[in-house]
C-alpha cells in the first residue's frame, strides 16, 4: 500500500499476466478519474514484463492519486507491484 495506490494479486491459470485498474468516485470527478486511470494503465503497460504469467494484478487508486505527479505515481506503483510480484 502506498499513499496513491493499493495493489491486489491473485494467482490463476492464465498464459499472461493480467492487470486491472479501479478508480472510484472518491478520487474525483470523471475527468480526474479518467486521467488517473490512463496514467495507471500506462504504468502497468511499462511494468507488464516484470509480472509472471498467471498473475492477476489489480491496482486500486486512492484519493491521493489525484494530486500525485507522474513520477511519484510511477515510483509508488513500481514499489507496490514489486512487492506483489515478489510475494508469489
What angle, in degrees between 0 and 90 and rounded to the nearest 10, separates the Cα long axis of helix 70-86 from the longest principal axis of the Cα atoms of the chain?
30
Relative to the first principal axis of the alpha-carbon coordinates of the chain, what is the inclination of helix 30-47, with its axis defined by its Cα atoms, in degrees from 0 to 90 and to the nearest 10?
30
With R₀ set to 22 angstrom, the calculated FRET efficiency between the beta-carbons of residue 41 and residue 15, to the nearest 0.05, is 0.60
What order, most packed first, do the peptides 52-65, 8-21 have when packing is the mean number of other Cβ atoms within 10 Å of each residue?
52-65, 8-21
For residue 34 and residue 69 in the same chain, what is the full-extension length gain: residue separation times 0.36 nm, less their Cα-Cα distance, in nm?
11.1 nm
What order do you get for 22, 36 when you list them from fewest to most C-beta neighbours inside 10 Å?
22, 36
Only helical DSSP H runs with n ≥ 4 go in: add -39500 (n - 2.57) per run for the chain, normalise by residue count and round the 222 nm mean residue ellipticity to 500 deg cm²/dmol.
-13500 deg cm²/dmol
What shape does the range 1-52 take by its C-alpha gyration tensor, where a ≥ b ≥ c are the square roots of the eigenvalues and a/c under 1.5 counts as rounded, a/b above b/c as prolate, and the rest as oblate?
prolate
Between the range 34-66 and the range 1-27, what's the alpha-carbon centroid distance in Å?
6
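A short reminder: the numbers here are calculations on the coordinates, not readings from a lab. This structure is a prediction, so every number in the text was calculated from the model and none was measured. A quick note on method: Cβ atoms are made from the backbone with ideal geometry, for glycine too, and the neighbour counts reach across all protein chains shown.
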